[in-house]
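K.L.:
There's a structure below that I have some questions on.
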Amino acid sequence: MVLKRVGIVGIGYEGFRPSLPDISTREMMFMAASRAYEMASVDPRKDVDTFICCTEDFWEGWSITDEMVPDQIGAAQRPLCTVTSDSINGIANAFMHIQSGLSDVVVVEAHSKVADVVTKEDVENLGLEPLYLRTAGVDVDMLAALEMDYFMRAASVSRANLDELIVLEKRNGLKNQRASYGMVLSREDIDSSESLVEPLKKYDRAEYAEGSVVAVIASEDWIKKRKLDAIYIEGVGWSSTLPWYDGGMVEKAEYVERAFKMARKVAGKSYTAKSFDRVEVDDTYSYKAFQHLFALGLSKEDVVEGVKSGQFNKGGGSMGAGNMIEANGLYRVLEAYTSLENEGGQALVVSWRGQPTATGGVLILSG
Amino acid sequence: MSVRIKDYPGREVAIEELKERYVAKEYKAVLRYAWSSGVAIGSFLDGLKRGIILGRRCNKCRRILVPPRMYCEQCFRKTDSWVRVKDTGEVKTFSISYVNVDASRRREPIIVAVVELDGASKDVGILHILGEVKPEKVRIGMHVKAVWKKEEERKGAITDILYFKPR
Ligand SMILES: [Zn+2]
């Protein structure tokens, strides 16, 4: 049996600002969805078979949020499920909805309204092991600092390597009209910036941003019937592995290595990280970008060179556009989509669910 | 329990016993949020402060939505205009509750109702409480009117309406 090819026919967004106090979560989602549907020429009330929304109740501050998401994306009284994870997992679910024959058209939404969360640290800390980590007073930044220190020694990555990446990404962010945190930054600025937890500095961690991204995903048959252009999903993979503090790998992100392997298997091709014109990779912490790219088989020279040449995080990544929690994956897809639509080629998207997880997803896209 | 099983073997461990006899850790997350009310609900709450109830009209399905929304979920389009509806209406459904929000018991019940406001569309109603009425007298279809807080006490909250009373 030949499985159906799956493509993205429309993508829309709203926000990408540090804070959006003038609109509600629902109004933000409605605008992102409206733009995606216009681009894909679909009527969500008629043309969409299933809807997927990536939300986490603790970030929403609302129990059973899945009951509150259909109306604003056109899914009232239509089949909808939520995926409590990064949006690459949402896309993986959409991919399976289509390949299994359940749907021809699937909508995936993810968002961040994180400025509404007053006690962000408490939400993050709920992800920590409750007996020996959380009650010991460890928080996610401490965990990141410990991992960063361990990683830099294990993988021979220097402070200068990290600085170079941050400076380049922040500058890339300035060239990206939708990125809120782009800036001209020097190594001295990083050096003199506030230390969060040694060795983690303020600029090592992406700042939070708010926004919603909606993608319309469809089977190739449907796309051809409608005579639409699409960016095709060649492969998708995801993985959760043992976190480094429980004895997992630190010198590279094992979950990315496994997810990339799975995505290549789905694609049926032996890609390497260098096969791609564009790589959008999680950089919510500076050292994590290196750790994720090392998992794809790259060296630290490759990493800095890739950022410099525009192969990696050309739009500034999360350093430039901000950390949008569950929407991080879809934000990276949006960046890749824009590039493929204009320039063609192939793109790789690498996402991570954030501390304290060792969960990530990989997507292979072709224009 | 069933016909054959009259009791489970063993006994439950009480919380106090757990703390005394076993290793237990307590942790309390402080989860606080400040939700952006947005254009629709923000205007609705602002209206309540001024003693008026606002809805939004969808020109396509011709419904008037209260509380208002900037989009119509049936037509999936932006709603078109603001509409002021009356503070009178009809009880669509109700419940007589003897428990508080924290599940503690109440001696005097609270009557929770969905009120279809005059001027809003059929089957569009707001959730509120009824007052100045005995529980046994409440009926579906009963005509009610909002009892407002004094103007200087209103804060732009749904509780600016104290309750709905029979009219
Ligand atoms: Zn309508």
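The values are calculated or read from the model by the stated rules, or taken from the named source; none is laboratory data. Since we're looking at a predicted model, the values are computed, not measured. Positions of Cβ are generated from backbone atoms using ideal geometry, with glycine treated the same way; all protein chains shown enter the neighbour counts. Note: accessible area is taken over every heavy atom of the protein model, side chains too, but ligands, DNA and RNA are not part of it. Shrake-Rupley method; radii C 1.70, N 1.55, O 1.52, S 1.80 Å.
K.L.:
With each run of n ≥ 4 DSSP H residues scored as -39500 (n - 2.57), what mean residue ellipticity at 222 nm is computed for chain A after dividing by its residue count and rounding to the nearest 500 deg cm²/dmol?
P.N.:
-11000 deg cm²/dmol
K.L.:
Subtracting the Cα-Cα distance from 0.36 nm times the residue separation, let me have the gained length for residue A:136 to residue A:270 in nm, one decimal.
P.N.:
Full extension of this stretch gives 43.8 nm more.
K.L.:
Based on the Cβ-Cβ distance of residue B:32 and residue A:227, what FRET efficiency does E = 1/(1 + (r/R0)^6) give at R0 = 45 Å, to the nearest 0.05?
P.N.:
For R0 = 45 Å, the calculated efficiency reads 0.35.
K.L.:
How much of the DSSP beta bridge set in chain A is antiparallel, as a percent to the nearest 5?
P.N.:
Beta bridges within chain A, antiparallel portion: roughly 75 percent.
K.L.:
Which value does Rg/Rh take for the range A:67-125 over its C-alpha atoms, Rh per Kirkwood?
P.N.:
With Rg and the Kirkwood Rh in hand, the quotient comes to 1.06.
K.L.:
Rounded, prolate or oblate: pick one for the range A:280-367, where a ≥ b ≥ c are the square roots of the eigenvalues of its C-alpha gyration tensor, a/c under 1.5 means rounded, and failing that, prolate if a/b is larger than b/c, else oblate.
P.N.:
Note, shape of the range A:280-367 comes out oblate.
K.L.:
Rg to Rh ratio, the range A:151-226, alpha-carbon atoms and Kirkwood radius?
P.N.:
In the range A:151-226, Rg relative to Rh is 1.21.
K.L.:
Then there's this: Within the protein assembly as shown, which cysteines find no other Cys whose Cβ is under 4.7 angstrom from their own?
P.N.:
Among the cysteines of the protein assembly as shown, those whose Cβ sits 4.7 Å or more from every other are A:53, A:54, A:81, B:61.
K.L.:
Just check the range A:319-367 against the gyration tensor rule for me: Cα atoms, a ≥ b ≥ c as the square roots of the eigenvalues, rounded for a/c under 1.5, and otherwise prolate or oblate depending on whether a/b exceeds b/c.
P.N.:
oblate
K.L.:
Follow-up question, since we're still on this one. Could you please put A:131, B:54 in sequence from largest to smallest accessible area, using a 1.4 Å probe?
P.N.:
In descending accessible area the options line up as A:131, B:54.
K.L.:
Here's another thing I want to ask about it. Antiparallel as a % of all DSSP beta bridges within the range B:38-166, to the nearest 5?
P.N.:
95
K.L.:
Next question. Obtain the nm distance between the two label points defined at residue A:194 and residue B:97 by a simple spin-label model: each point lies 7 Å from its Cα along the Cα-to-C-beta direction.
P.N.:
4.1
K.L.:
Something else now. What does the net charge come to around residue A:134 if you take all other residues with beta carbon closer than 12 Å to its beta carbon, with K and R at +1 and D and E at -1?
P.N.:
After counting each charged neighbour, the total is -4.
K.L.:
Considering the convex hull of the alpha carbon atoms of the range B:14-167, report its projected area averaged over all viewing directions, in nm², one decimal.
P.N.:
One quarter of the hull surface, i.e. the mean projection, equals 13.5 nm².
K.L.:
As I understand it, the dipole of the protein assembly as shown uses +1 on the Cβ of Lys and Arg and -1 on the Cβ of Asp and Glu, about the Cα centre. Which of B:81, A:165, A:127 lies farthest toward its positive end?
P.N.:
B:81
K.L.:
First measure r as the distance between the Cβ atoms of residue A:68 and residue B:8, then evaluate 1/(1 + (r/R0)^6) with R0 = 56 Å and state the FRET efficiency to the nearest 0.05.
P.N.:
Taking R0 as 56 Å, the efficiency between residue A:68 and residue B:8 is 0.90.
K.L.:
Now for a separate question. So, how do all the Cα-to-Cα distances of the protein assembly as shown break down into 20 Å bins, in percent, from 0 on up?
P.N.:
Spelled out per bin, shortest first, that is 20, 46, 29, 5.
K.L.:
Just to confirm the number: angle between the C-alpha axis of helix B:38-49 and the first principal axis of chain B, 0 to 90 degrees, nearest 10?
P.N.:
Computed tilt is about 80 degrees.
K.L.:
Can I ask one more? Determine how large the accessible area of residue A:221 is when every protein chain is in place; take a 1.4 Å probe and give Å² rounded to the nearest 10.
P.N.:
110
K.L.:
Give me the distance in nm between label points sitting 7 Å out from Cα along the Cα-to-Cβ direction at residue A:261 and residue A:305, one decimal.
P.N.:
2.6
K.L.:
Suppose R0 equals 35 Å. What FRET efficiency, 1/(1 + (r/R0)^6) with r the Cβ-Cβ distance, do residue B:25 and residue A:150 give to the nearest 0.05?
P.N.:
After rounding, the FRET efficiency stands at 0.85.
K.L.:
Highest mean first, what order results for B:20-27, B:129-136, A:327-334 on Cβ atoms within 10 Å?
P.N.:
Averaged packing, sorted descending, gives the order A:327-334, B:129-136, B:20-27.
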